[in-house]
Amino acid sequence: MITPARKLLVTGGAGFIGANFILYWMKKYPQDKIVNLDKLTYAGNLENLKEIEKNSNYGFIHGDICDVGTIDEAMQGIDVVVHFAAESHVDRSIKKPSKFIVTNVVGTQMLLNSALRNNVKRFHHISTDEVYGSLELSDTNKFNERTKYNPRSPYSASKAGSDHLVRAYYETYGLPITITNCSNNFGPYQFPEKFIPLAITNILENKKVPVYGDGLYVRDWLYVVDHCRAIDLVLNKGKIGETYLVGGMTQDISNLEVIKKILKIMNRDESFIEHVKDRPGHDRRYAVDWSKIEKELGWKPLHDFDEWLEKTVEWYKENEKWWRDVKTGAYQKYYKEQYGE
Ligand code: NAD
Ligand code: DAU
């Protein structure tokens, strides 16, 4: 149990989940201090944190988790590290894997070293269900904490590498760690390269939505605030050295079904669906058994998928400037490379 008035170092806090986590935490624990260390890659956006950026208990460091000087300085007086910073998009990892290894593997190891040197009380690592590989559509099994690692993309391999290092620092050096492996998050501030915000913003721009292959791929969707609640519980009640899986669904839903729901919410017909070339090595199905965190820590997802998908559509409609700014420049170049003109 961590005592009140803590000082947290959040890495990658200007990204989608990190920013939602900072906003959540500052509201719930206003006595705590947060230092946000972020390199501000294409995915980092300080606009996400506008409402708290002037708070006296919030500070920002523009830096790279691979830079030992920066992280040692950021780690001063820190009680808890919540490590989100990563290259996070599977398609980008297929095109250019090296950066994923540098940030996700080497960067994590450098942070672990620094956390150890600075005697932090907790190092919490944010990871993904993708480290477990792919399930068959016909399979009734779900991933659980005992599932064998079987990453199949450069992204998931790099996250698997980082998970192993985090556990190695616990076993070898006694660093007090916890890990959460969660499923596909959705909600406000998600970069529109990911499926749900890409679909919503394309439709708002009157453009078709690219659906990879047959579209019968299955993901387990988790509203980002439910994910933040899970991290909160693990930080406050989780057992040192443990891994907890976090998922949002009880029933499978395919990408085609997701896009059809979005089209219905947005009053558009299915002519907006465009089947495009499949992702190489595309994982067929993810499904998460989240019974451990439910039984041990009393967590379960509170946000219903349909209701929060609708609210997410509303958010993108109301925050047009945010996503239009994000969709310019470097992202347009990436979009052309990924999907053609
Ligand atoms: P994101 O891509 O939106 O944000 C990543 C953030 O990390 C950005 O702000 C970026 O600037 C920062 N960053 C990248 N490289 C950095 C570096 N070298 N040094 C410092 N900062 C750096 O990612 P996200 O979707 O918010 O994901 C956050 C974490 O959650 C990642 O570790 C990801 O693997 C994990 N995760 C994400 C999902 C999801 O559905 N989005 C699901 C499971 C796990
Ligand atoms: O499972 C957790 C993971 O979820 C996280 O670890 C990753 O950081 C995050 O990016 C996400 O990975 P996915 O590859 O599942 O998410 P993405 O949004 O890229 O794709 C979701 C599904 O939609 C997947 O089956 C691929 C498909 N897709 C995606 C895009 C971008 C399409 O059909 N068309 C698209 O244009």
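The values are calculated or read from the model by the stated rules, or taken from the named source; none is laboratory data. Being a predicted model, the structure only gives us computed values, none of them experimental. Cβ placement follows ideal geometry from the backbone for every residue including glycine, while neighbour counts extend to all protein chains displayed. Quick note on the areas: whole protein, heavy atoms, side chains included, nothing else; ligands and nucleic acids left out. Shrake-Rupley method; radii C 1.70, N 1.55, O 1.52, S 1.80 Å.
Some notes on this structure:
- Reachable lysines, given that their alpha-carbon falls under 20 Å from the alpha-carbon of K99 and they are not under 8 places away in the same chain: K39, K159, K194, K333
- Model label zone, S291; criterion: amide N under 18 Å from point 7 Å along Cα-to-beta-carbon; scope region 234-266: 243-252
- Percent RCO, i.e. relative contact order, over region 1-133, from Cα pairs under 8 Å lying at least 6 residues apart: 27
- Note that region 91-215 presents 38 Å² accessible area per residue, ligands and nucleic acids not counted, probe 1.4 Å.
- Set of aspartates and glutamates near K264 by C-alpha distance (under 14 Å), chain-local residues within fewer than 8 positions excluded: D306, E307, E310, E314
- Euclidean distance between Cα centres, region 9-77 to region 234-274, Å: 26
- Taking all protein chains together, R285, R279, R152 sort by accessible area into R152, R279, R285, largest first [probe 1.4 Å].
- Computed from the Cβ-Cβ distance with R0 of 35 Å, the FRET efficiency linking E257 to Y334 stands at 0.85.
- Stokes-Einstein diffusion coefficient of region 1-132, Kirkwood radius over Cα pairs, 25 °C, 0.890 mPa s, in µm²/s: 164
- Pairs from K28/K54; K50/K121; K33/K300; K260/K311 whose Cα-Cα separation, in the structure shown, is over 19 Å: K50/K121; K33/K300
- Only DSSP H runs of four or more residues enter the estimate; each adds -39500 (n - 2.57), and after division by the residues of the chain the mean residue ellipticity at 222 nm equals -11500 deg cm²/dmol.
- Percent of Cα-Cα distances greater than 32 Å, calculated over the chain: 25
- Each residue of region 311-324 is assigned a 3J(HN,Hα), and the resulting list reads 5, 5, 4, 4, 4, 5, 5, 7, 10, 4, 4, 4, 7, 5 Hz, derived from the Karplus form 6.51 cos²θ - 1.76 cosθ + 1.60 (θ = phi - 60°), x at Gly and Pro.
- The distance linking region 282-341 with region 89-166 is 19 Å (Cα centroid to Cα centroid, whole angstrom).
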